[in-house]
Each structure stands twice: as structure tokens, then as C-alpha cells.
Amino acid sequence: MIIIKSREDIAKMRVAGRCARVICETLAAHISPGITTKALDTEAAELMRNQGVQSAFLGYRGYPGTICISVNEEVVHGIPGPRRIAVGDIIGIDVGVVVDGFNGDTALTVMVGVTDPDVIRLVEVTKQALQSGIAQAHVGRRLSDVSHAIEQTATAAGFSVVRDFVGHGIGRKMHEDPQIPNYGPAGKGPKLLAGMTLAIEPMVNLGGAEVCVLGDGWTVVTRDRRPSAHFEHTIVVGETAADILTDSGAEKIA
Ligand code: MF3
Ligand code: CO
Ligand code: CO
């Protein structure tokens with residue numbers, strides 16, 4: 001069952017979403033070579049404490065981190081630890097918070113002095129894939145129109161889409177119905193209705209689509225160990241367009 005949110009619910013989700021995004025972008029701005037992923041997790045915890053909000057991830061099914069940080073071949077759910085970020089890395093930062101009973105969930109991938117043109121293109125195309133999915137998230141479309149648009153953007157560029165992990169509805173719970181695959185034919189699944197809140201999150205691989213989970217039980221890596229990128233926004237379906245709830249609210253120059 002897909003829960004339609006009220007105006008009041010959406011106002012609360014916008015606060016949670018903005019908070020998650022500001023933390024995500026703050027961490028991204030503080031990334032530099034030599035820093036450990038654990039240091040970023042500690043900073044995330046401090047930012048959340050200062051804002052008086054809770055991590056949506058810490059303790060979720062036993063997850064040990066405040067946020068997820070996934071480096072290079074790591075796709076999603078990387079556990080922060082002693083790994084040091086190096087020049088040429090791509091770093092996925094995924095932040096979820098709970099504010100006033102509602103969740104916001106957002107992710108981005110930052111490049112640290114990347115010069116490999118294929119890796120740069122992977123990151124840019126994955127970001128575009130998220131935007132193309134969001135562009136379908138309005139009344140008059142069906143759920144799989146979102147999925148199909150994402151897949152088209154990724155595969156047209158020669159990349160492959162991860163099939164084993166998907167986007168999701170979101171609200172009082174981080175993971176609600178429906179599941180949102182990043183692939184599939186257009187025109188299928190439930191009709192999108194105003195007030196549905198969705199976390200859309202393409203995971204796109206430079207090589208093959210296959211992934212596996214490391215022995216820590218969490219970290220998802222590409223089977224071929226080639227790089228993967230991830231972007232995520234929490235949105236609300238609108239009459240003519242989606243509204244991005246995980247917007248930082250900052251003025252963007254250029
Ligand atoms: N934020 C992830 C998602 O986009 C879920 C993280 S699971 C956790 O759905 F256990 F790491 F929190
Ligand atoms: Co997320
Ligand atoms: Co999510």
C-alpha cells in the first residue's frame with residue numbers, strides 16, 4: 001500500500017529532507033585526500049546532534065554507521081571506517097535523518113581529483129539519470145515510467161544499472177511501498193498520485209550490473225570491482241512535476 005501524505009506530512013518531510021541534504025552537501029564540501037570515511041561519519045553525527053535530529057540509518061537492522069559512505073567499487077551501504085580517501089576516488093555519501101517522525105533520504109557522489117574521463121562521465125550520467133527519473137514523477141505517469149527513464153539515461157551512455165537494489169517509498173518509515181527499480185519497461189505499475197513520497201536512487205556501474213555484498217553483511221560492491229555511482233533524492237509527486245524535498249535550499253550559482 002502506497003501511503004499518500006497530507007500537506008502537513010509533506011511540510012515535515014521537507015524539513016527532514018532539507019536537513020539531510022544540507023548535511024550531505026556539507027560533508028561533500030569537507031572531503032579531501034587523506035581523510036578517513038570514519039571522520040566523515042563522526043562529522044555527520046556532530047551535525048545531526050547540533051541540529052537535534054536522528055540518523056535514520058544508525059541501528060537500522062543493526063547498521064553500525066551514522067551515514068553510508070561508498071568508495072569507488074562500493075555501490076551503496078559502505079560502512080565508515082579507517083579507509084583513507086585518495087586522489088582519483090569517487091565517494092558516495094548517503095544521509096538519512098528522522099525529524100518530527102518523518103524521514104529524509106538523499107545521496108550524492110563526489111569526485112576527488114578524478115581525471116579518468118569514463119569515471120567523470122559515469123558520475124555525470126548517474127546524476128542525469130536521477131533527474132530524468134524525477135522528471136517522470138508527476139500525475140499522469142505510472143511508477144515504471146520513472147524506472148524506465150533512469151535505465152534509458154544510463155544505458156544510452158553505455159553503463160549498466162544495478163538491479164539488486166532499488167528506490168522506495170518513504171515517510172514515517174525509511175522504506176515504504178512501492179519499490180522503485182531503476183530499470184524496466186515504461187507504462188507499468190501503479191498510477192502516480194499527488195502526495196506520494198518517493199526516494200528515487202539510481203545506482204549505475206561502469207562495468208557489469210552484477211553486485212555482491214561483502215563479509216561485513218552491508219557493503220555492496222560491483223562484482224567486477226569497477227566503479228559505481230549513486231545519487232538519491234526524496235521527492236513528492238505533484239500534478240505537473242515532482243517537488244524535491246531533499247533540496248538544500250541554498251542558492252546555486254551557475
Ligand atoms: N539510505 C539507504 C537507502 O537509500 C538505506 C541505508 S540502509 C542502512 O535506501 F542500514 F544503511 F541504513
Ligand atoms: Co539513501
Ligand atoms: Co533510499
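Some points to look at:
- In this structure, Ile35 and Arg121 have a Cβ-Cβ separation that, at R0 = 22 Å, corresponds to a calculated FRET efficiency of about 0.30.
- Taking each DSSP H run with n ≥ 4 as -39500 (n - 2.57) and averaging over every residue of the chain yields -9500 deg cm²/dmol at 222 nm.
- The chain, accessible surface, carbon-and-sulfur percent (1.4 angstrom probe): 52 percent
- Protection proxy ranking of 35-41, 90-96 - average other beta-carbon atoms within 10 Å, highest first: 90-96, 35-41
- Accessible surface calculations at 1.4 Å, restricted to protein heavy atoms, place the chain at 43 Å² per residue.
- Averaged over residues, the count of other Cβ atoms within 10 Å places the peptides 148-157, 215-224 in the sequence 148-157, 215-224, highest first.
- FRET E, pair Asp224, Lys252, Förster distance 35 Å, beta-carbon r, rounded to 0.05: 0.50
- When only Cα pairs below 8 angstrom with a gap of at least 6 residues are kept, the chain shows a relative contact order of 24 percent.
- For the listed peptides 79-88, 107-116, a ranking on the average number of other beta carbons within 10 Å per residue, highest first, reads 107-116, 79-88.
- Among Asn182, Asn205, Asn50: highest mean-square fluctuation, GNM of the chain, C-alpha pairs under 10 Å: Asn50
- Inter-label distance, Glu8 to Arg172: 1.2 nm, where each label sits 7 Å from its Cα along the C-beta direction.
- The dipole here belongs to the chain: it is taken about the Cα centre, uses +1 on the Cβ of Lys and Arg and -1 on the Cβ of Asp and Glu, and is about 340 debye.
- Sequence-distant residues sharing a close amide H with Val161 (under 5 Å, placed H): Asn205
- Distance between the stretch 84-121 and the stretch 223-253 - C-alpha centres, whole angstrom: 12 Å
- Each of Thr42, Pro185, Gly249 was placed along the dipole of the chain (beta-carbon charges, centred on the mean Cα), and the one lying farthest toward the positive end is Pro185.
- The stretch 33-149 - percent relative contact order, Cα under 8 Å, separation 6 or more: 20 percent
- Against the rule of thumb 2.2 N^0.38 Å, how large the Cα Rg of the chain comes out: 0.94
- Solvent exposure, largest accessible area first (probe 1.4 Å, DNA, RNA and ligands not counted), of Tyr63, Tyr183: Tyr183, Tyr63
- Spin-label model, Arg142 to Ala28: label points 7 Å out along the Cα-to-beta-carbon direction sit 3.3 nm apart.
- Electrostatic dipole magnitude of the stretch 156-254 [Cβ: Lys, Arg +1; Asp, Glu -1; Cα centre; debye, to 20]: 260 debye
The values are calculated or read from the model by the stated rules, or taken from the named source; none is laboratory data. Just so you know, these numbers come straight off a predicted model, no measurement behind them. Neighbour counts run over all protein chains shown; Cβ positions are idealised from the backbone, glycine included. For the accessible areas, the whole protein counts, side chains as well, though only heavy atoms, and no ligand, DNA or RNA atoms are used. Shrake-Rupley method; radii C 1.70, N 1.55, O 1.52, S 1.80 Å.
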